[in-house]
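What follows is a short report on a single structure.
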Amino acid sequence: MEYQAVAQQLADEYGLISEEAKMKPIGSGHINTTMLLQDNHKTMVVQKLNTTVFPNPLHLVENARAIEQHLTAKALNGEYSLAIIKHLATSSGQYLVDINDEVWRALAFIGRSYSEDVVANEQQALTAANAFGQFAHALNDFDAAQLHHVIPNFHNLAMRIDAFNQVLAKDEHGRAEKCSDVIAAFQQQFALAEELQQAQKQVPLRACHNDTKINNMLFSTQSDAARAVIDLDTCMPGNWLFDFGDMVRTFCSPEAEDSTNLSNVQVRENIFAALAQGYIEPLQDSVTAAEKDSFILGAKVMPFMIGLRFLTDHLDGDNYFATHRANHNLDRAKNQFALYSSVLEKEDCLNNIIRAI
């Protein structure tokens, strides 16, 4: 087995019996390699960190552990009811392990849980969004400024536009001509960056999750209720509009983000209403009026920005996002622009849903 030697080394580091150690893949993440490590008595999650995306793994762990500690204190006071994903230390007290120039870490395994990759119904959307809302509310009094920017300019749309323009100007792979219509469609919407910059001046800095996909929360196998918010790797200072917008991006379309069935890529209003209710209700005592007003902007910005990143990567030779077919990133870009267009088309209706909560 490819990872057997690694499993034995990790078992030694984390106090498992190396002769019994076995490791198997879990989850569907695209960035880090996530495995289940177990012997006959213990089970834990181990991850090989992608040091290209996260060049400073120590900062990633410091961020996550600071949030773990804050949430743990909240839980002890009865102010946070979800399970908390926690880092495990090695026998020598370290939170990162170097094996063959690869960086690994271990996390406590949260049992009696399952994850979903696609939102199937309103109840799932409500439950998942409510979990992210509880997470955000629990961090309301956490000083976001103490967090490292593990991926600088992660949601900086103006910077993403600059990066796109630089790649387009070079067009080193000669792909621009064949997708000129897609390029033009995105370019016509670049004023969105200025709208975002103005909105960000009106809202507070928050400790944000920054990857609020449904598969980053766990459901209880016993009740289907929320069990835990997971994957704190991109927790950074930011604005809640991005977390709201990323839920809209990943919950609301009935199609996967790389589907070419573009006529069916649209915002399902019932799912939007469920996620808006689920996310906003735990925040009623802490969300500002300007923040609530910014949520519809987040719903526009996130599919547009991710779509632009897909298009940039397509023009740049597919260096960042993993691809599994020709023009895969271009298909993703078209898909996300279709979703963005649907948000624009339904903006008044969606905004009325938010305001009614």
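The values are calculated or read from the model by the stated rules, or taken from the named source; none is laboratory data. Predicted, not measured: the structure shown is a model, and the values here were computed from it. Cβ atoms come from the backbone with ideal geometry, glycine included; neighbour counts cover every protein chain shown. Only protein heavy atoms, including side chains, enter the accessible area calculation; ligands, DNA and RNA are left aside. Shrake-Rupley method; radii C 1.70, N 1.55, O 1.52, S 1.80 Å.
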Some residue of the stretch 265-274 being buried (at least 23 other Cβ atoms within 10 Å of the Cβ), out of contact with any Asp or Glu (no Cβ under 7 Å at 6 or more places or on another chain), aliphatic (A, V, I, L, M) and within 19 Å of L344 (Cα to Cα): yes
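Only one of these is out of contact with any Leu (no Cβ under 8 Å at 6 or more places or on another chain) and under 16 Å from P204 (Cβ atoms): A289, A256, A273. Name it. Lay out the reasoning, then the answer.
On the way: A256 fails: under 16 Å from P204 (Cβ atoms); A273 fails: under 16 Å from P204 (Cβ atoms).
Answer to the selection: A289.
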Of residues in the stretch 145-171 being touching a strand residue (DSSP E or B) at 6+ places or on another chain (Cβ under 8 Å) and not in a helix (DSSP H, G or I), the one nearest to M302 (Cα to Cα): H155
Meets criteria (at pLDDT 95 or above, in contact with a Ser or Thr (Cβ under 8 Å, 6 or more places away or on another chain) and either more than 16 Å from A185 (Cα to Cα) or open to solvent by 40 Å² or more (accessible area, probe 1.4 Å) (or both)) for K334: yes
Identity of the residue in the stretch 1-29, at pLDDT below 90 and of a type in the set (S, T, Y), that ends up surrounded by the most Cβ atoms within 10 Å (Cβ to Cβ): Y3
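Results for (1) under 26 Å from the mean Cα position of the chain (by Cα); (2) closer than 28 Å to A256 by Cβ, shown as yes or no for each residue.
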residue	(1), (2)
D12	no, no
V61	yes, no
Q69	yes, no
A75	yes, no
D101	no, no
I110	yes, yes
D117	yes, yes
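If we only count strands (runs of 3 or more DSSP E) wholly inside the stretch 16-57, which ones have 2 or more residues that are under 22 Å from the mean Cα position of the chain (by Cα)?
Working: elements: 22-25, 33-38, 43-48.
Passing ranges, in order: 33-38, 43-48.
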Failed item, numbered, when F190 is tested on (1) touching a helix residue (DSSP H, G or I) at 6+ places or on another chain (Cβ under 6 Å); (2) closer than 29 Å to E62 by Cβ; (3) not small (G, A, S): (2)
Single unsatisfied condition, A191 versus (1) open to solvent by 50 Å² or more (accessible area, probe 1.4 Å); (2) in contact with a Leu (Cβ under 7 Å, 6 or more places away or on another chain); (3) small (G, A, S): (2)
Count - residues of the stretch 207-228 that are more than 9 Å from the chain's Cα centre (by Cα) and surrounded by 24 or more Cβ atoms within 10 Å (Cβ to Cβ): 4
Residue within the stretch 58-68 that is exposed (fewer than 15 other Cβ atoms within 10 Å of the Cβ) and touching a helix residue (DSSP H, G or I) at 6+ places or on another chain (Cβ under 7 Å) present: no
Sole residue being at pLDDT 95 or above, under 27 Å from T323 (Cβ atoms), out of contact with any His (no Cβ under 9 Å at 6 or more places or on another chain) and open to solvent by less than 70 Å² (accessible area, probe 1.4 Å), chosen from K48, K74: K48
Residue match in the stretch 319-329 (condition: open to solvent by less than 40 Å² (accessible area, probe 1.4 Å) and assigned to a helix (DSSP H, G or I)): yes
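Please verify whether A169 is within 27 Å of H59 (Cα to Cα) and modelled with pLDDT of 95 or more, treating the condition exactly as stated.
Numbers: within 27 Å of H59 (Cα to Cα): no; modelled with pLDDT of 95 or more: yes.
Here the answer is no, as A169 does not meet what is asked.
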